[in-house]
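Engineer: I am attaching a structure below and will ask some questions about it afterwards.
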Amino acid sequence: MRVTTTKSKNAESFYITHSYTKNNGTTTSRIYKKLGTLAELSKLLNTDRDGVMLWAREQARIETEKYKNERDCKTVLIPFHADRPLDYGKEVFHEGGYLFLQSIYYQLRLDRICRKIRDKNSFEYDINAILSDLVYTRILEPSSKRSSYKAAKKFLEAPSYELHDVYRALSVLADNCDLIQSEVYKNSNFILKRNDNILYYDCTNYYFEIGQECGDRKYGKGKEHRPNPIIQMGLFIDGDGIPLAFSLFPGNQNEQTSLKPLEQKVLQDFGHQKFIYCSDAGLASEGNRVFNHMGERAFIVTQSIKTLKKEEKEWALNQSGFRRVSDNKPVDIENLSDEDKNGLFYKEEPYTTAKLHQRLIVTYSPKYAAYQKSIREAQVERASRMVDSGKFKKERRNPNDPARFVGKMAVTSEGEKASIRYYLDENKIEEEARYDGMYAVCTDLLDDPVGDILKVSEGRWQIEECFRIMKADFTARPVFASLEEHIKAHFLTCFLALLIYRILESKLEGKYTCEEILSKLKDINFADIQEQGFMPLYARDKLTDTLHEICGFRTDYEFIPKSKMKKIILIVEDDMVIAKGLASHLQQWGYDAVYVEDFKNVKDKFLECDPQLVLLDVILPYFNGFHWCQEIRKVSKVPIIFLSSANDNMNIVMAM
């Protein structure tokens, strides 16, 4: 590199220029760095033009040396020996997909929350490492706690805790479940703008691999219709489908009663007072509507047309009075144009119950009506075959069972014993057809545009997607935990896993499916090459590029030196209690802390681990810290911090 200058009418500018050869063999140059104008540099350095030029040439020399060092470091030569056998028990394959989850985990400041919990309790294990590994493995390799511990051993950063520490930590996590939820919600606002003006709420249940009730594990109506005890979960998500809070309640409890306790926690612990509550009809009782009509809250809930009073039901099913949602113009839904067959239509009227003045909006979708008709026709055909064969289920649990269209009556012939005759119930088929394409919503937002209200209601699919991810992709059920606190901790890790995944999905702007994201994270693996660094074992593509971009680091180089992959701190302290204590604390902050045990060969240990920081004691066996500082300075400019009780002036001066 060399110094060049350019002159204009008003100033002379100094640059460092880099010359290089292009692929076609021609030589060219580019401006590498602008140093400033003559006037600026003369004033800064208090010298004339000759002095500025001498300083600029020294800067060019420094930049040239730095460039050469960086260029030389990019080529790594590692010897392999064809006649050298592998070491026993040495693991060279590591999983690395968790690194992208780790980025979001620490952005949510979960490590700080864990430190707050640790400060309130007396335990020695690293609760942050345990919680983070449980969350990562729940996403990447969901299984039992024992299997999760084994899976975490394949990570680039293997666990420093033991399996029994995991089970002890579960009780602590359960005790602090509410604290973790509220703190994570507040911290999430620092990494993305939460769309928490709208909160969706729904419930689901999870079954246990046990045969008897115990605690909150009760027999109830499970989603899978299994004869196992279940526990129920209530979940709040925001308008973008990102989880906010959850609660657990017994499997035999009415889910309507689960809303208020969790919502009060959101109001009080989360400090979130203003939002629109949105749920399906099953969680839209009069009491829940009244509760969300208070303060600065409002509600938008689905309404079953079948449960309306006779007068409102007849009005809703009457096919007159509809308007287009798009332009609010009247339309006859019995005579729709081809263009309108893909549209959405509505009508509305005031709806007053015993405690509330509401707004009832009924919509009609021709496309949805055609879909429901096709489904019903297939069910009617099955029902017809049932009538012909005389084969029926003794008990119908599914409200969509085709057998609902089969009627029966007792008939006699000349006073003989009555026999049962089955027939296709045309009246029931015709009555059900009246509801095709119809959908109703109730709200206390009396003046808001219909289109906005319907758009909010349509977003309820996101909470179903959250439940699907937890159950299918994160294998949240069946639940194998037995202790109440372990069950609560299990679902806490599932909730945090869902939160981290949904934030990652949000940062990817919805361009990839859940299957694509999880598959790619599971494929990101590395090989440890002679303990010098790591070689990626995955295929680079647009998704990996985007993951690296949003998380702020890269692992897609041909070879990654260990110093680039891990933040290594070398501790040179002869008191092993202090050294191990420092290492433990630094590891809780996400650093890879290494301490010296052979004080005759400190420099060799330094070269072996290539740290980014050295913590150096002054008084050491064999040679003091100043000696080792000089030795390290011969080969590296790594930062060195002296830690010592020797606070006299001479030691302070020498350390400088």
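The values are calculated or read from the model by the stated rules, or taken from the named source; none is laboratory data. Since the structure is predicted, the reported quantities are computational estimates derived from the model, not experimental observations. Heads up, the Cβs are rebuilt from the backbone with ideal geometry, glycines too, and the neighbour counts pull from every protein chain shown. Just the protein is used for accessible areas: all its heavy atoms, side chains included, with ligands, DNA and RNA removed. Shrake-Rupley method; radii C 1.70, N 1.55, O 1.52, S 1.80 Å.
Engineer: Please list, in order, the residues from segment 278-320 whose amide nitrogen is less than 14 Å from a point placed 7 Å along the Cα→Cβ vector of Leu267.
Structural biologist: Those under the cut-off are 287-299.
Engineer: What distance in nm separates the simple spin-label points at Lys153 and Lys637, each placed 7 Å from Cα in the Cβ direction?
Structural biologist: The modelled label-to-label distance comes out at 4.3 nm.
Engineer: Heavy-atom accessible area per residue, the chain, 1.4 Å probe: how many Å²?
Structural biologist: About 55 Å² of surface per residue is accessible.
Engineer: Further question on the same structure: If you plug each phi of segment 591-607 into the Karplus form 6.51 cos²θ - 1.76 cosθ + 1.60 with θ = phi - 60°, what whole-Hz ³J(HN,Hα) values come out, in order, with x for Gly and Pro?
Structural biologist: Result, rounded to whole Hz: 8, 9, 8, 10, 10, 7, 10, 9, 8, 8, 10, 5, 5, 4, 5, 4, 5.
Engineer: State, to one decimal in nm, how far the label point of Thr6 lies from the label point of Phe123, with both points 7 Å from Cα in the Cβ direction.
Structural biologist: My value for the distance between the label points is 6.3 nm.
Engineer: What's the extension gain from Ala281 to Lys603 if we count 0.36 nm per residue and subtract their Cα-Cα distance?
Structural biologist: 108.9 nm
Engineer: Explain nothing, just compute: Karplus ³J(HN,Hα) = 6.51 cos²θ - 1.76 cosθ + 1.60, θ = phi - 60°, for every residue of segment 152-165 in order, whole Hz, x for Gly and Pro.
Structural biologist: After applying 6.51 cos²θ - 1.76 cosθ + 1.60, I find 5, 5, 8, 5, 4, 10, 6, x, 9, 9, 10, 4, 5, 5 Hz.
Engineer: For Glu334, Glu349, give me the order by solvent-accessible area with a 1.4 Å probe, most accessible first, ignoring ligands, DNA and RNA.
Structural biologist: From most exposed to least exposed: Glu334, Glu349.
Engineer: While we're on this one: Which label marks the calculated value of percent of Cα pairs over 34 Å apart, given the options (1) 50; (2) 58; (3) 63?
Structural biologist: (3)
Engineer: For Thr64 and Asn187, what does the FRET efficiency come to when R0 = 45 Å and r is the distance between their Cβ atoms, rounded to the nearest 0.05?
Structural biologist: Computed FRET efficiency for Thr64 and Asn187: 0.50.
Engineer: Would you calculate a helix-derived [θ] at 222 nm for the chain, using -39,500 (n - 2.57) for each DSSP H run of n ≥ 4 and dividing by the full residue count, to the nearest 500?
Structural biologist: Taken over the chain, the calculation gives -12000 deg cm²/dmol.
Engineer: What does the charge count around Ser13 come to, taking other residues whose C-beta lies under 14 Å from its C-beta (Lys +1, Arg +1, Asp -1, Glu -1)?
Structural biologist: Cβ neighbours under 14 Å give a net charge of +3.
Engineer: While we're on this one: Would you mind checking Lys313/Lys355; Lys116/Lys193; Lys313/Lys341; Lys120/Lys488; Lys90/Lys154; Lys186/Lys274 for any pair whose Cα atoms are more than 22 angstrom apart?
Structural biologist: Violating the 22 Å limit, Cα to Cα: Lys116/Lys193; Lys313/Lys341.
Engineer: Once a ≥ b ≥ c are taken as the square roots of the eigenvalues of the Cα gyration tensor of segment 128-179, is the result rounded (a/c under 1.5), prolate (a/b larger than b/c) or oblate (a/b not larger than b/c)?
Structural biologist: Cα axes put segment 128-179 in the prolate bin.
Engineer: Show the residues, 5+ positions off or on another chain, whose built amide H is closer than 5 Å to the amide H of Asn525.
Structural biologist: Amide H to amide H, under 5 Å and 5 or more residues apart or across chains, Asn525 pairs with Gly96, Leu537, Tyr538.
Engineer: Also: For segment 499-584, how big is the tail of P(r) above 20 Å, as a whole percent of Cα pairs?
Structural biologist: Summing the P(r) of segment 499-584 above 20 Å gives 51 percent of all pairs.
Engineer: Beyond 11 Å, what share of the Cα-Cα pairs of segment 422-464 remains, rounded to the nearest whole percent?
Structural biologist: 76
Engineer: Which trypsin sites (Lys or Arg not before Pro) does segment 297-355 hold that lie in a coil by DSSP with at most 14 other beta carbons within 10 Å?
Structural biologist: Filter output for segment 297-355: Lys309, Lys355.
Engineer: Another question about this same structure. With a point put 7 Å past each Cα toward its Cβ, work out how far Val577 is from Glu213 in nm, to one decimal.
Structural biologist: The two pseudo-label positions are separated by 5.5 nm.
Engineer: Can you give me the angle between helix 259-268 and the longest principal axis of the chain, using Cα atoms only, in degrees from 0 to 90, rounded to the nearest 10?
Structural biologist: With rounding to tens, the tilt is 40 degrees.
Engineer: Percent relative contact order of the chain, based on C-alpha pairs within less than 8 angstrom and at least six residues apart?
Structural biologist: 12
Engineer: Using a ≥ b ≥ c from the Cα gyration tensor of segment 431-543 (square roots of the eigenvalues), is it rounded, prolate or oblate, where a/c under 1.5 gives rounded and otherwise the larger of a/b and b/c decides, a/b for prolate?
Structural biologist: Note, shape of segment 431-543 comes out prolate.
Engineer: Per residue of segment 30-40, in order, report the coupling 6.51 cos²θ - 1.76 cosθ + 1.60 (Karplus, θ = phi - 60°) as ³J(HN,Hα) in whole Hz, putting x for Gly and Pro.
Structural biologist: So the J values, rounded to whole Hz, are 9, 6, 8, 7, 8, 8, x, 8, 4, 5, 5.
Engineer: Quick one: net charge around Val450, please, counting Lys, Arg +1 and Asp, Glu -1 for every other residue with C-beta under 10 Å from its C-beta.
Structural biologist: Local charge sum for Val450: +1.
Engineer: Restricting to bridges with both residues inside the chain, how much of the DSSP beta-bridge set is antiparallel, in percent to the nearest 5?
Structural biologist: Rounded to the nearest five, the antiparallel share is 75 percent.
Engineer: Hey, any idea what % of the chain's accessible area is carbon plus sulfur with a 1.4 Å probe?
Structural biologist: Here carbon and sulfur together make up 48 percent of the probe-accessible area.
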